[in-house]
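See below for the structure under consideration.
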Amino acid sequence: MEYIEVTGGNPLRGSIRPAAAKNSVLPLLAATLLCAQPCTLRRVPLLRDVQTSLDLLRAVGSGAAWAGQDLVTQPARQISGRGRAAAARRVQTGAAAH
């Protein structure tokens, strides 16, 4: 499995252009929780797993809005520990099926 490892004490700047696939979008959506500024993910596929991940982000206090094929996430002011169990189970079940 490919992964992104961030080390060091310098701020990250720049952009990447991943393929518009669920397997690359879901980890990036989770990573937006670590960002203090809005993030724009371009050419995001409109899939049930993506929508479920958005439900989970919203449940913990983050925001997200579609802008055409792009997805703009807003940072959470404070991350809540209250996730939606049903949404989490949908993601878990989907991951087990792959």
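Each value in this text was obtained by applying a stated rule to the coordinates, not by laboratory testing. In this text the structure is predicted, and so the values were computed from the model without any measurement. A quick note on method: Cβ atoms are made from the backbone with ideal geometry, for glycine too, and the neighbour counts reach across all protein chains shown.
Values as computed for the structure displayed
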quantity: Peptide ranges 34-43, 67-76 listed from the most packed, as the mean C-beta count within 10 angstrom indicates; calculated: 67-76, 34-43
quantity: Residue 5 versus residue 47: modelled label distance in nm, points set 7 Å from Cα along the beta carbon direction; calculated: 2.6
quantity: Net charge of neighbours whose Cβ lies under 12 Å from the Cβ of residue 62, counting Lys and Arg as +1 and Asp and Glu as -1; calculated: +1
